[in-house]
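Here the structure is laid out as structure tokens; the discussion comes afterwards.
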Amino acid sequence: MSEENSHVSVKPSESVSREAGKRVERKPGRKGEPAFHLTEQMRRLSTPWGVALARAGQIDPGSLGPGIILDAAVGSGLQLIAYSNILKRPSLGVEVDGNVAVLCAANMFSAAGKDDIQRSMDRVVIGDSTDSVGVMNEFWSSLRESGTRAHPPVAMLHLDPARPRDAQKHHIDEMEPPIESVLSSWKQYLELGPRGPCIILDLSPRLDIGQRSMIDETVERLFPGCGRTWEWLSRGGGRVDRLSLWIGSLSSNEARRCIRMGTKKIMASIEGDGGEVRAISLVDPPPFESWITIVDPVVLESGLQDEWISKAIPDGALYRIPISKDGTLSKPELILKNLYFANGFYIDEKRNKLYLSEMMKNRVLSFDIDIITGSVSNQTTLAVIPTPDNMELDSEGNLWISSPLANQIFSVDPENGETYVVFDAQTQIGLENMEEAIRRMELGNGFAELLTSELTGEMPGLLTGLIIGDESQPFYVANLGTALIKVSKE
Ligand SMILES: C[S@@+](CC[C@H](N)C(=O)[O-])C[C@H]1O[C@@H](n2cnc3c(N)ncnc32)[C@H](O)[C@@H]1O
């Protein structure tokens, strides 16, 4: 239980900001970051601003229940500020060090938009965050004193405990504040999202597997059956920069994720169950066609190397099944491999060309083909169009290609690649969907979950198939839903 008056609130305000300015000048902690009040120690412990923003951007606001965002070891406040700016929630920071708490409140004040109404509920409570009752009583009473009668619960808990410098040689209980004490104390105030509580533990990247399983065990004991996703994050400097555990409604469906950040944005993300990493030493040169590559350490630390390989080396292929004169089929022959989702193709016998849609690369390839042997050569990119699918040659020798995400049919001149839209059924929602899908494909990710029923129902929606006759005849377009459209040429 809490002792009376053991916690004190600081409301982010002009006067706190002035006071902070007397203690520490406001300036960027790192190059390119906004200016904050940070002592040297705070700067060292603070989450880099780009990482804080990217992390906040990973959270689906729909996964949070009602209430505030709590940072139970708020320090400079950078992570909490990023959350509350992006998720538009009031925020509460708890900090045991009074001087740090004042500087944090000043940082919250300077980062708030002047019209952000929820900012009036922001507070930093000076005190011990393992005493949730004391913190919440102080928080609510401070809101009452400012004329707010609400008693908001906690929608999300973030915890970045201070750790001993040599994390591997220390027990996880030596983190300050201790993880288990904070989680068990705050459990009663945590609102549930659709898949349980919303918690992020921001931990030392140097935790070993034994320490991680101790944390898994603690979380499982306190929140049985809740999802957990471990995330390894790298900023490309050749080491793991952050290790965090995303719990309950903030977990994904996978046990592990590795992330490579650029200066501001997440450049690549891989998820999966992960597996064992085996080191082998090569005495002889590797066999012919082996791959040697330098990978970011998060790939191996997270155990997601198999998932990475399946992304890095495309596995789409084109096979040919030779038919002998008596009509019997022979074994399939591999014609092309390493394709990013081989989709529709067309053999142009007049030009001795093979055209092929490489759907996840948003391009149409062209090859020379020997019709008799099936061998192909001279790959070129004929056209760049979103998600090319089925294709057919029209009576004038132009290649018509359907694009489910563009919701268009394109006509491409195989002689020079000139491309026109011949049928357009795109909608605003379809366009937004396509832009998001292209962004995901560029990161090497899929987009299957974007294909919702509102895109695939009646026309328009995800044009995939086409049947074209001669110049005077109508053509037909099929979608992934239930529509077949007849288009007359007038
Ligand atoms: C690693 S830092 C947090 C850094 C923060 N994420 C940031 O971006 O600046 C941990 C903070 O927890 C504070 N702390 C340690 N024990 C605490 C406790 N029992 N209650 C509240 N805060 C505590 C420390 O003073 C320190 O400022």
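Bear in mind that the values in this text are calculations on the coordinates, not laboratory data. Given the structure is predicted, the values throughout are model-derived calculations rather than measurements. Cβ placement follows ideal geometry from the backbone for every residue including glycine, while neighbour counts extend to all protein chains displayed.
Do we find a residue being part of a strand (DSSP E or B), exposed (fewer than 13 other Cβ atoms within 10 Å of the Cβ) and free of Cβ contacts under 8 Å to residues at least 60 places away in the same chain anywhere in segment 315-325? Scanning segment 315-325 turns up at least one residue that is part of a strand (DSSP E or B), exposed (fewer than 13 other Cβ atoms within 10 Å of the Cβ) and free of Cβ contacts under 8 Å to residues at least 60 places away in the same chain. Close Cβ contacts (under 6 Å, 6 or more residues apart or on different chains) running from residues in segment 79-93 that are within 19 Å of R43 (Cβ to Cβ) to residues that are assigned to a helix (DSSP H, G or I) and near the ligand (Cβ under 9 Å from one of its atoms) comprise Q79/A52; A82/A52; G93/L80; G93/C104. The residue that is nearest to the chain's Cα centre (by Cα), counting only those in segment 295-314 that are part of a helix (DSSP H, G or I) and among the acidic types (D, E), is E307. Pairing each residue of segment 204-219 that is under 16 Å from D241 (Cα atoms) with any residue that is part of a helix (DSSP H, G or I) and among the aliphatic types (A, V, I, L, M), provided the two are 6+ apart or on different chains, yields C-beta distances under 7 Å for S204/A167; R206/A167; L207/A167.
This table checks each residue for (1) outside any helix (DSSP H, G or I); (2) among the aliphatic types (A, V, I, L, M).
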position	(1), (2)
Q426	yes, no
G430	no, no
R439	no, no
L455	no, yes
Q473	yes, no
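Restricting the search to segment 44-61, which residues are free of Cβ contacts under 8 Å to residues at least 40 places away in the same chain and either within 11 Å of the ligand (Cβ to nearest atom) or farther than 27 Å from K31 by Cβ (or both)? Across segment 44-61, the qualifying residues are R44, S46, W49, A52, D60, P61. Evaluate segment 67-82: report whether one residue or more is more than 15 Å from the ligand (Cβ to nearest atom), closer than 26 Å to I179 by Cα and outside any helix (DSSP H, G or I). Yes. Among the residues here, V125 qualifies as over 29 Å from the mean Cα position of the chain (by Cα), within 14 Å of the ligand (Cβ to nearest atom) and closer than 18 Å to S146 by Cα. Whether any residue in segment 98-121 is within 16 Å of the ligand (Cβ to nearest atom) and either assigned to a loop (DSSP other than H, G, I, E, B) or under 22 Å from the mean Cα position of the chain (by Cα) (or both) is what I want to check. No - not one qualifying residue is present in segment 98-121.
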